[in-house]
Amino acid sequence: MRMGSVIALLLAVLGSPPAVGADQAPAPMRSLDYFVGNWVCSGVFPSSGKTIASTMRYASDLQGTALLKHHDDTAPGIYRAVEAWGYDDQAKRFNATIMDNFGGARCFSADGWKRDVLTWSSAADVTPTQRFVYTRIDQQRFRVDWDVSKNGADFVVGDTLTCNRQ
């Protein structure tokens, strides 16, 4: 991917600059502070029953205007991804770009937490249609379901992970 494309993706994720001081995170971004830290996750691919395990590391960046996530499957899994989450104050929504070791760059958006659920929905150009549904179980655990819709209507859980704070 060319540098110009990477910069354009990051601008799309982060949106317009917040109207806050340089050392203050915008209020919507503070709602994601829950994730900051290291997590160990285990789960399953429901269609096959095959198990999966991974680690996730979240860190605040750009003076609180971005949350960076590193997702690494543990062996024998091979998926690796870096995500940038940000808030677009003009659009009043969160944006995320996921870049993975398969060469993909997928964009998602979210309205924010609805009670204890944060749902990232894929952009129109992502095929098949996908979403990541994060459910806060408590302060030390969350579940994330990767859902896929191949027919444009019904979502099926591709994999599910329960993550524990380290």
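Please verify whether Trp146 is touching a strand residue (DSSP E or B) at 6+ places or on another chain (Cβ under 9 Å) and either farther than 21 Å from Asp61 by Cβ or charged (D, E, K, R) (or both), treating the condition exactly as stated. Please lay out each step first, then the result.
Working: touching a strand residue (DSSP E or B) at 6+ places or on another chain (Cβ under 9 Å): yes; either farther than 21 Å from Asp61 by Cβ or charged (D, E, K, R) (or both): yes.
Yes: the conditions hold for Trp146.
Scan the range 103-124 for residues that are among the charged types (D, E, K, R) and over 14 Å from Phe142 (Cβ atoms) and jot them down. Can you show your working first?
Taking the range 103-124 first, the residues among the charged types (D, E, K, R) are 106, 111, 114-116.
Arg106, Asp111, Lys114 - these are the residues of the range 103-124 that are among the charged types (D, E, K, R) and over 14 Å from Phe142 (Cβ atoms).
Mind checking which residues of the range 27-70 are under 21 Å from Val156 (Cβ atoms) and surrounded by 17 or more Cβ atoms within 10 Å (Cβ to Cβ)?
Step one: list which residues in the range 27-70 are under 21 Å from Val156 (Cβ atoms), which gives 41-52, 54.
If the condition is that a residue be under 21 Å from Val156 (Cβ atoms) and surrounded by 17 or more Cβ atoms within 10 Å (Cβ to Cβ), then Cys41, Gly43, Ile52, Ser54 are the ones that fit.
Can you work out which of the residues in the range 143-157 that are among the acidic types (Asp, Glu) and part of a strand (DSSP E or B) is farthest from the chain's Cα centre (by Cα)? Full working, then the answer.
To start, the set of residues in the range 143-157 that are among the acidic types (Asp, Glu) comprises 145, 147, 154.
Going one step further and asking which of them are part of a strand (DSSP E or B), we end up with 145, 147.
Numbers: Asp145: 11, Asp147: 13 Å.
This residue is Asp147.
I'd like the full set of residues that are in contact (Cβ under 8 Å) with a residue 24 or more places away in the chain and either over 15 Å from the mean Cα position of the chain (by Cα) or loosely packed, with under 15 Cβ neighbours inside 10 Å (or both), limited to the range 104-126.
Ala105, Gly112, listed by residue number.
Any idea how many residues of the range 143-155 are at pLDDT 95 or above and loosely packed, with under 13 Cβ neighbours inside 10 Å?
0
For residues in the range 127-142 being buried (at least 17 other Cβ atoms within 10 Å of the Cβ) and under 18 Å from His71 (Cβ atoms), which is nearest to the chain's Cα centre (by Cα)?
Applying the filter and picking the extreme gives Phe132.
Quick check: anything in the range 60-70 of a type outside the set (Asp, Glu) and under 19 Å from Ser42 (Cα atoms)? It would help to see each step written out before you state the result.
Initial filter on the range 60-70 (of a type outside the set (Asp, Glu)): 60, 62-70.
Those still in the list that are under 19 Å from Ser42 (Cα atoms) too: 69-70.
Yes, the range 60-70 contains at least one residue that is of a type outside the set (Asp, Glu) and under 19 Å from Ser42 (Cα atoms).
Go through Ser42, Ser31 for me and flag whichever is in contact with a Phe, Trp or Tyr (Cβ under 9 Å, 6 or more places away or on another chain), under 24 Å from Arg165 (Cα atoms) and modelled with pLDDT of 95 or more.
Working: Ser42 fails: in contact with a Phe, Trp or Tyr (Cβ under 9 Å, 6 or more places away or on another chain).
Ser31 is the lone residue from the list that is in contact with a Phe, Trp or Tyr (Cβ under 9 Å, 6 or more places away or on another chain), under 24 Å from Arg165 (Cα atoms) and modelled with pLDDT of 95 or more.
Which of (1) at pLDDT 95 or above; (2) loosely packed, with under 15 Cβ neighbours inside 10 Å is the odd one out, the single condition Pro76 does not satisfy?
It is condition (1) that Pro76 fails.
The values are calculated or read from the model by the stated rules, or taken from the named source; none is laboratory data. On a predicted model such as this, the values are computed, not experimentally measured, just so you know. In this analysis, Cβ positions are derived from the backbone assuming ideal geometry, glycine residues included, and neighbour counts consider all displayed protein chains.
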